[in-house]
Amino acid sequence: MGVFDDLVGQGQAVAVLSRAAAAAREVVGGGRGAGMTHAWLFTGPPGSGREEAARAFAAALLCPDGGCGHCDQCHQVMIGSHPDLESVRPQGLSYGVKLTRELILRAAGAPTQGRWRVILFEDADRATESAQNAVLKAIEEPPPRTVWLLCSPAPDDMMITIRSRCRVITLTTPGTEAVAHVLATRDSVPAPMAQFAARAAQGHISRARSLALDEGARSRREAVLAIPRSLTGVGECITAAERLVKTAEEEAAAATAALNETETSELRKLYGEGSTGKGLNRGLVRGGAGALKELEDRQKSRATRIKRDSLDSALLELVSFYRDVLAMQFGAGVELANDDLRFDLDQVARGGTPEETLRRIEAIMVCRERLDANVNPQIAVEALMLSLRG
Ligand SMILES: [Zn+2]
């Protein structure tokens, strides 16, 4: 099984990437390798698997067999420990020019295994303008064996000058059947659960996987989707807002705690803290304090981002609910994302008009924009709940 087999429903992208990987092998073997490109931009909606596709391509470049999926090289790429793969995932809301310059320096080194140096830049749209300018310079004159893989939701998220120098790979959201099939065959999820999770996640594979395998994720979803019917009075709206913000915070806290702990203890180990301190270099201790502070800042910024992301995905869950309501109001025979909640959907559908439903969806979108503009979450979500009530 090759590394591209995991890319569900992305036939076109896989065809292009496989051809490029073959050309890349020719280059390594001393040939011309027409069709190989040094800068790639992977785009597609959330859940379409941008990073997975970029990572599979990285494996195909670094594996002597073009991404066999089971050799050491492939394995190291998949777990992120390959010496010739630089993986960058911006932890904060933006990625600055200083970090980018350091990255470019590392990118310029010769490949240690004689093949390629691959830079996988996830969420490259979070790079600041000056950071993007630095990337632009790097991809304008790439070292002969360096390959940049940038990922962003839409091509427009990157500066046009970067875009025009990249080959763009567009990924599409896979259908329910394809996602359910993957869950059933690769994660051994029972068919009914696979169907439910695939539908509820609407093509978002990792979301579907967590719904299928994690009971906590399922109950958080249920709590969010119970909101529309609970908004009977102003008091209920305030309570619902509090609960929604708190749930997002808890989810984010759980996700960050584990990450932070490992990082901090690794850093402390690196600077010798926890040893007896005898003969410990004073400069090193001071450097350690600085590095620890820097790490804490980075972690704080990441926590903010995770919190924001989890609140945003709860809001998108609500959008999917009202989209289903709208479909029922129009009597459209489309597949409902929240088919398991037909009773609730039906109640809300009967209680209003399509115009009201559209207005509610609009209100959720406005709330997302406000959160993006740093409005206090409690205030923004309270206002939303009141307008969902009508
Ligand atoms: Zn391999």
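Just for region 53-79: of the residues that are out of contact with any helix residue (DSSP H, G or I) (no Cβ under 8 Å at 6 or more places or on another chain) and assigned to a loop (DSSP other than H, G, I, E, B), which one is nearest to the ligand (Cβ to nearest atom)?
71
Restricting to region 23-50, count the residues that are in a helix (DSSP H, G or I) and either open to solvent by 40 Å² or more (accessible area, probe 1.4 Å) or β-branched (Val, Ile, Thr) (or both).
Qualifying residue count for the region: 4.
Please work out which one of (1) outside any helix (DSSP H, G or I); (2) at pLDDT 80 or above is the condition residue 324 fails and give its number.
Of (1) outside any helix (DSSP H, G or I); (2) at pLDDT 80 or above, only one is false for residue 324: (1).
Just to be sure before I move on: is residue 187 open to solvent by 40 Å² or more (accessible area, probe 1.4 Å), within 17 Å of the chain's Cα centre (by Cα) and of a type outside the set (Gly, Ala, Ser) in the structure I sent?
So residue 187 does not fit the description; no.
Cβ-Cβ under 9 Å, sequence separation 6+ or interchain: first residue in region 106-131 and at positive phi, partner assigned to a loop (DSSP other than H, G, I, E, B) and open to solvent by 40 Å² or more (accessible area, probe 1.4 Å). Which pairs?
Within 9 Å, the pairs are 114/145; 123/89; 123/153.
Here is a check on your reading of the model: is residue 82 buried (at least 17 other Cβ atoms within 10 Å of the Cβ), within 16 Å of the ligand (Cβ to nearest atom) and in the same structural domain as residue 55 (by the TED database)?
Yes; evaluated as a whole, the condition is true for this residue.
The values are calculated or read from the model by the stated rules, or taken from the named source; none is laboratory data. Quantities reported herein were computed from a predicted structural model and do not represent experimental measurements. Neighbour counts are summed over all protein chains in view; Cβ atoms, including those assigned to glycine, are modelled from backbone coordinates with ideal geometry. The protein model used for the area step is the full one, side chains on, heavy atoms only, and it has no ligands, DNA or RNA in it. Shrake-Rupley method; radii C 1.70, N 1.55, O 1.52, S 1.80 Å.
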